[in-house]
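*Asks:* Have a look at the structure that comes next, please.
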Amino acid sequence: MDILLTVINSGLFTLIQPSGLIGLVLFSSPITDPVAVFLTILAIMLVAPLLFERLRLPGIVGLILAGVIVGPNVLGLLERDSTIILLGTVGLLFLMFMAGLETSLDDLKYNADKAAIFGLATFSVPMILGTVSMLVLGYSWLASILVASCFATHTLLALPILTKLGLMRTQTVTTTLGGTLITNVLGLLVLAVVVKAHGGNLSLSFWLFLIPALAIYTFATLWGLPKLGRWFFRKFGHDESAEFIFVLATLFVVSYVAGLIEIEPIIGAFLAGIAITQIIPQLSPLMNRIQFIGNTLFVPFFLISVGMLIDPLILVKEPKSLLVAFVMIAAEVVSKFVAAWGPGKLFGFQFPSIMLMFGLSVAQAASTLAAITVAYEIKLVDQLTVNGIIAMILVTCVASPWITERWGKQMKPQGQSHISESSNTQPLAHRVLVPVANPNTEDNLLQLALILAKTAGGTLLPLHVLSDKTGPVLPEGKILQNQLLAAAETVAHAAVTNVERIGRVDDAIDRGITRTAAERDASLIICGWKGYSTTRENFFGSVIDNVIRRSHVPVLIARFGQPLNNTRRVLLATTDRELQSETFKQTLALAETIGVELKATLQLVIVITHSGSLQLRPESVGLSAGSSIQQVRGNFIKNVSRLLRQDDLLILTVSTHSSYLLRMPTLGMEPEAIARTHPDTSILVVYFPN
């Protein structure tokens, strides 16, 4: 008896089993039902990356190949219709946006000369070799230049490996990161010019319009967007959904304006990422949401749509495609190696460092896919070229992580995040206890705690204490406690950080905090501070005073005048007498970590208390090369106050003393005096118990 099983009623395929014989018959029409289309794509997003990662291949490879299989050139399950094109375009912009998020202007500042040399080399060598190679294959000048620009750009696919190896702050990596910004911007500009030339619009008027328009546009994006973002976060930073929508809006507005001035929107998306990354901490929940949505939804749509462009039958129909793919791969790999070897030798880098630069810069993905997609849509290149580019992407995406890990293991970690580097500061953020009391004021405290805990791979311990000193705890109090702890737990999960929520009833808030710290093995306590003490608190002791006096672990006391995201400079102020103390070294490590994660500059201010002067280099006090040190003489409070700006995060230290008997704040007079005169400046006071 014949059995007919229709698997997908709109026509995916029909399985026929006549007399025990199984056959597969493809329908001529693709899936058209919106639910079935979306379900198919989701299935690809789930299965393809998992399968290829099991084979130790990048998930990006699986998504592209899956697009090939389900696309119109193989099974014909999906057609590249307007919906796929729309979602693919959104994914393309998001891909370039996230590439911009990984690019830091500070990397150019710290190693500007080396980054510029490497950036120009890794752009010009592939451009020259790639153009010549494609001309030899019979490509036109415009097509050859555009394909060569794909060789010049690269995607930092292997960055997660460097994070695990502790090499992110090495000179080799920062030089490569700075060079990435230069070569990607130049490559995208070449794309814009070639597209115009192909359309016959490359006239004098184009240049007279493009150069000033691009200069104004770039300045407005890189300078104006961070200012607008800081204002928005200051006004509406408590609304997480508003923050996310603001980021998406900036991406598409900047991309749309790019089209208005006649350059490719992907250039706008890339610049928007560079601008917005300045105000979003790398380990913040907002950054995690952006990357999560992009990597799991939008970008996979684009990768699948790119795969649907590929016609594997060309390999059979036109054997020349194998030659094109081979030439592209050889030209790209050779040119990127030469571009890394030459500057590396000039800089005096060892061979493992040169190979690390090569491994990072050889991977092709984001910019390359963006450029070749645009070129194919305007019919500047054909499917044969797209196939060759995809083959190059597959090879380099496999080679880049292997080369980076292989040679990165031979380099010594240096200059990485001190939270994970120092044996003294590793326990500091291992288990971070942060009391939460008001959901409208604890956002910055939680974000600071999350940054430190996640950097060290530690655990966040949100705590809420109810006092039963005046009577039994009311049910309303327990409900509020659960709400506050649930909100803190949600924020921690959004940042992918381990969290243990703690609700406690105690006879006093301060005792509840210190007892919990002892019972839960906390390594650090972070408390909020209003910035001053009343006369009654000076006499009897405030909650902060009592926590400091009873705590056996370090305590960070924070007063936030601005959202933590708006921090542009971390100012660590100390005296010359404290430079050699162990607490200063730990405080400096903490300040550097906060500065790196907030993408803020770090400046050390030393107040000289004795006659004579100090001749200090950044390395002598444990700072990375290029950090700023300023020496002043005179009154500590006046000198520090004079240097403060609204968007600073001031870090001070405090030690135990007999303030209880002197009826002075346990924090000392300096933090309170500065806090009173600068109500809009954020202050972090660090206490280490004796």
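*Asks:* Just checking, which of Gln483, Gln586, Gln562, Gln580 is out of contact with any strand residue (DSSP E or B) (no Cβ under 7 Å at 6 or more places or on another chain), under 30 Å from Trp231 (Cβ atoms) and either outside the structural domain of Thr455 (by TED's automatic domain parsing) or polar (S, T, N, Q) (or both)?
*Replies:* Every option except Gln483 fails the conditions.
*Asks:* Same structure again: What do you reckon, is Ile3 out of contact with any helix residue (DSSP H, G or I) (no Cβ under 7 Å at 6 or more places or on another chain) and either modelled with pLDDT under 85 or not hydrophobic (A, V, I, L, M, F, W, C) (or both)?
*Replies:* yes
*Asks:* Which of the following residues is farther than 18 Å from Arg289 by Cβ, part of a helix (DSSP H, G or I), at pLDDT 85 or above and in contact with a Pro (Cβ under 7 Å, 6 or more places away or on another chain): Ile479, Ile513?
*Replies:* The unique qualifying residue is Ile513.
*Asks:* Is it the case, given these coordinates, that Thr170 is surrounded by 15 or more Cβ atoms within 10 Å (Cβ to Cβ) and either closer than 30 Å to Gly348 by Cα or modelled with pLDDT under 80 (or both)?
*Replies:* yes
*Asks:* Something else: Within the range 557-593, take every residue that is in a loop (DSSP other than H, G, I, E, B) and of a type in the set (Ser, Thr, Tyr) and give me the one that is surrounded by the most Cβ atoms within 10 Å (Cβ to Cβ).
*Replies:* Among those residues, the one meeting the criterion is Thr567.
*Asks:* Would the range 522-529 turn up any residue that is surrounded by fewer than 18 Cβ atoms within 10 Å (Cβ to Cβ), modelled with pLDDT of 85 or more and not β-branched (Val, Ile, Thr)?
*Replies:* no
*Asks:* What is the one condition in (1) of a type in the set (A, V, I, L, M, F, W, C); (2) modelled with pLDDT of 85 or more; (3) not in a strand (DSSP E or B) that Val605 does not satisfy?
*Replies:* Only one criterion in (1) of a type in the set (A, V, I, L, M, F, W, C); (2) modelled with pLDDT of 85 or more; (3) not in a strand (DSSP E or B) is unmet by Val605, namely (3).
*Asks:* Further, regarding this structure: Considering only the range 333-354, I want to know if a residue exists there that is assigned to a helix (DSSP H, G or I), among the aliphatic types (A, V, I, L, M), modelled with pLDDT under 85 and surrounded by fewer than 17 Cβ atoms within 10 Å (Cβ to Cβ).
*Replies:* no
*Asks:* Looking only at helices (runs of 4 or more DSSP H) that fall completely inside the range 191-305, which ones have 3 or more residues that are closer than 29 Å to Val496 by Cα and modelled with pLDDT of 80 or more?
*Replies:* 225-236, 240-260, 265-276, 285-293
*Asks:* Has the range 643-651 got any residue that is surrounded by 12 or more Cβ atoms within 10 Å (Cβ to Cβ), at pLDDT 85 or above, part of a helix (DSSP H, G or I) and not charged (D, E, K, R)?
*Replies:* Scanning the range 643-651 turns up at least one residue that is surrounded by 12 or more Cβ atoms within 10 Å (Cβ to Cβ), at pLDDT 85 or above, part of a helix (DSSP H, G or I) and not charged (D, E, K, R).
The values are calculated or read from the model by the stated rules, or taken from the named source; none is laboratory data. Bear in mind the structure is a predicted one, so any value in this text is a computation, not a measurement. So basically every Cβ, Gly included, is an ideal-geometry build from the backbone, and we count neighbours across all protein chains shown.
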